[in-house]
Amino acid sequence: MRKSVVAIAGVAAAALALSGCSNSGGGGEGGGSANEVEVFTWWASGSEKVGLDALENAFGEQFPDIKFVNASVAGGAGSNAKAALAARLEANNPPDSFQAHAGAELTDYIEAGQLQDLSGFYADKGLNEVFPESLLERLTIDGKIYSVPSNIHRANVTWVNVDVLEKAGIDPNSAPADIDAWLVDLKKLKDSGVETPLALGTEWTQMQLFETVLIADLGADGYSGLWDGTTKWDDAGVTTAIEHYGDLLEYANTDFAGLDWDAATQILIDGQAGYNVMGDWAEAAFAQAGWTYGTEYTTWATPGTEGVFDFLADSFTLPVGAPHESAAKDWLTTISSDEGQKVFNQAKGSIPARTDAKSSDYGAYQQTAMESWAADTIVSSLAHGAAAKISWSSDISSAIGKFGSDSDAKALQTALVAAADKALG
């Protein structure tokens, strides 16, 4: 999942200082042992670490002669890792492979000449045949592919506390048709005594909620048009989305600015909220709570987005100058393999990118996501790097964060228009 890049600058200098001793450096196969691969991620805890550990085990079985070097950077919900990575790339000291979000987020790395083209790897491994066309389109930039996805996540998921809704007389298994209908249920929940019907977290979770409202009010085509300029940010549909988003915040916990996503999800699990819009990495939190899908909790697409899959994917790259390029390609082989995708996604709550995966290998929620991924209209997530490059999404994130404190709808739309003008020229 994407995290704010605001904190990057603050730790970049320290990371740069550390980078000089964190790797052997240089290009080609000359650094350290030839039989090792250094993999850089921000998966240092929780279900993400469990998933990475599962991948490491699968890699060890497929390539037992290669040592796996875990270069995970903890803290800052991913911001610390991105800062450390930026410093290492700047110092010409790349890891052998690093985690990034597939899609537009890679644009800055590509334009800086920091990533290798993996189109030949895709052809050699037959990945063009086992990954769906809708995914390949989103991975391709100027005819080339620069990353290998380890999973598919869905962003427009509303997580529902069944007991809280039933006590308020709301059917938890019937999703409201649109945002207006959802607001009616939110008011009903509030009137029943639930102080914060909608659990919400920090800035990037606010952006994720906002993007789902944009999808609901603009439709899939209108939302996708925001990223190539065919839909204008001063469109009346965007105005409506901002109004709806402001209405939703009226039902959220007031301390959302200081809560990360897992703390917001915990509000729902604790029964203090009825709804939480979050990506499907939240599935692991419900599993850890001992809850059963369809009993204590359920999900539906964010109201107004039924039939749309808001896509993001974690992926791994091959940097220019990777010290152990051959071993890095072996790591990417494990990432893209059926077994690698199976063990990783079973742990992380996401779904495999491969179309030949067996749905019976996955849990109840994941099976619903796999069905939607195969049948729905796919759009790219803003909050998680798939829709816009980092500089654009950072401008949008800042504008949404400001709206969370001043509720100035006109100022938000003006800022969104300015951000688009800056990004699209």
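Apolar share of the accessible surface for region 161-310: 44 percent from carbon plus sulfur atoms, 1.4 Å probe.
Report the far tail of the P(r) of region 359-416, meaning the percent of Cα-Cα pairs longer than 18 Å. Could the numbers behind the result be given before it?
Details: 926 of 1653 pairs.
When every Cα pair of region 359-416 is considered, 56 percent fall beyond 18 Å.
Of the residues Ser150, Thr230, Pro94, the one whose Cα sits farthest towards the positive end of the charge dipole of the chain is Pro94 (charges of +1 on Lys and Arg Cβ, -1 on Asp and Glu Cβ, taken about the Cα centre). Net charge of the neighbourhood of Thr239, taken over other residues with C-beta under 10 Å away and scored Lys/Arg +1, Asp/Glu -1, is -3. Derived from the Cα gyration tensor, the three semi-axes of the equivalent ellipsoid of region 127-277 are 32, 19, 15 Å, largest first. Label separation (Asp124 vs Glu306): 4.7 nm, computed from points 7 Å beyond Cα along the C-beta direction.
The calculated P(r) of region 212-303, using every Cα pair and 10 Å bins from 0, goes 14, 38, 30, 16, 2 in percent. Can you spot the lysines whose alpha carbon is less than 17 Å from Lys187's alpha carbon? Ignore those fewer than 8 places along the same chain. Partners within reach: Lys167. For Lys125, the lysines whose Cα falls under 30 Å of its own Cα, not counting residues fewer than eight places away in the same chain, are Lys49, Lys67, Lys82, Lys144, Lys329, Lys342, Lys348, Lys358, Lys389. Only one residue of Ala263, Thr355, Ala83 has its Cα farthest out toward the positive end of the dipole of the chain, where Lys and Arg carry +1 and Asp and Glu -1 on Cβ, and that residue is Ala83.
Along its three principal directions, the equivalent ellipsoid of region 81-198 from the Cα gyration tensor extends over semi-axes of 44, 19, 12 Å, largest first.
Taking label positions 7 Å along the Cα-Cβ direction at both Lys144 and Ser405, the computed distance is 4.1 nm, reported to one decimal. Which of the lysines could be linked to Lys410 by a straight reach, that is with a Cα gap under 16 Å, when you skip same-chain ones fewer than 8 residues away? The qualifying lysines are Lys232, Lys402. For Tyr365, what is the net charge nearby, where nearby means another residue's Cβ is under 15 Å from its Cβ and Lys, Arg count +1, Asp, Glu -1? Result for the neighbourhood of Tyr365: -3. Taking 0.36 nm per residue of separation and subtracting the current Cα-Cα distance, fully stretching the chain between Glu339 and Glu371 would add 9.5 nm.
Residues of region 345-367 with an amide N closer than 19 Å to a point placed 7 Å from the Cα of Trp291 along the Cα-to-Cβ direction: 347-351, 363-367.
Placing one equal scatterer on every Cα of region 171-235 and applying the Debye formula, the log10 ratio I(q)/I(0) at q = 0.14 Å⁻¹ is -0.56.
In the chain, taking the dipole from charged Cβ atoms about the Cα centre, the farthest positive-side position among Gly279, Asn35, Pro64 is held by Asn35. Among Lys67, Lys167, Lys49, the residue with the largest mean-square fluctuation in a Gaussian network model of the chain, with springs joining Cα atoms closer than 10 Å, is Lys167.
On the principal axes of its alpha-carbon atoms, region 335-381 has extents of 27, 22, 19 Å, going from largest to smallest. Other residues with beta-carbon under 12 Å from the beta-carbon of Lys348 carry, at +1 per Lys or Arg and -1 per Asp or Glu, a net charge of -3. DSSP beta bridges confined to the chain are antiparallel in about 60 percent of cases. Rolling a 1.4 Å probe over the protein heavy atoms gives the chain an accessible area of 37 Å² per residue. Charges were assigned to the Cβ only: +1 to each Lys and Arg, -1 to each Asp and Glu. The resulting dipole of region 52-141 about its Cα centre is roughly 280 debye. Across region 194-200, computed HN-Hα scalar couplings (Karplus, 6.51 cos²θ - 1.76 cosθ + 1.60, θ = phi - 60°) run 7, 5, 10, x, 10, 7, 9 Hz from first to last residue, x flagging Gly and Pro. Between Asn57 and Ser45, residue separation times 0.36 nm minus the direct Cα-Cα distance comes to 2.7 nm. Highest mean first, the peptides 385-391, 200-206 sorted by other C-beta atoms within 10 Å per residue fall in the order 200-206, 385-391.
Roughly how big is region 198-292's charge dipole about its Cα centre, with Cβ charges of +1 (Lys, Arg) and -1 (Asp, Glu), in debye to the nearest 20?
On the way: 1 positive and 16 negative charges, 25 e Å.
Magnitude of the dipole: close to 120 debye.
Just to be sure I understand the curve: with the Debye formula and one point per C-alpha of the chain, what is log10 I(q)/I(0) at q = 0.07, 0.13, 0.14 Å⁻¹? So the normalised log intensities are -0.32, -1.13, -1.30. Each principal axis of the Cα cloud of region 282-362 was taken in turn, and the coordinate range along them, longest first, works out to 49, 29, 24 Å. The dipole here belongs to the chain: it is taken about the Cα centre, uses +1 on the Cβ of Lys and Arg and -1 on the Cβ of Asp and Glu, and is about 640 debye.
Straightening the chain between Asp180 and Asp421 buys 83.7 nm, computed as 0.36 nm per residue apart minus the Cα-Cα spacing.
The values are calculated or read from the model by the stated rules, or taken from the named source; none is laboratory data. Everything numeric in this text was worked out from a predicted model, so none of it was measured. Note that each Cβ is placed from the backbone with ideal geometry, even for glycine, and that neighbours are counted across all protein chains shown. Quick note on the areas: whole protein, heavy atoms, side chains included, nothing else; ligands and nucleic acids left out. Shrake-Rupley method; radii C 1.70, N 1.55, O 1.52, S 1.80 Å.
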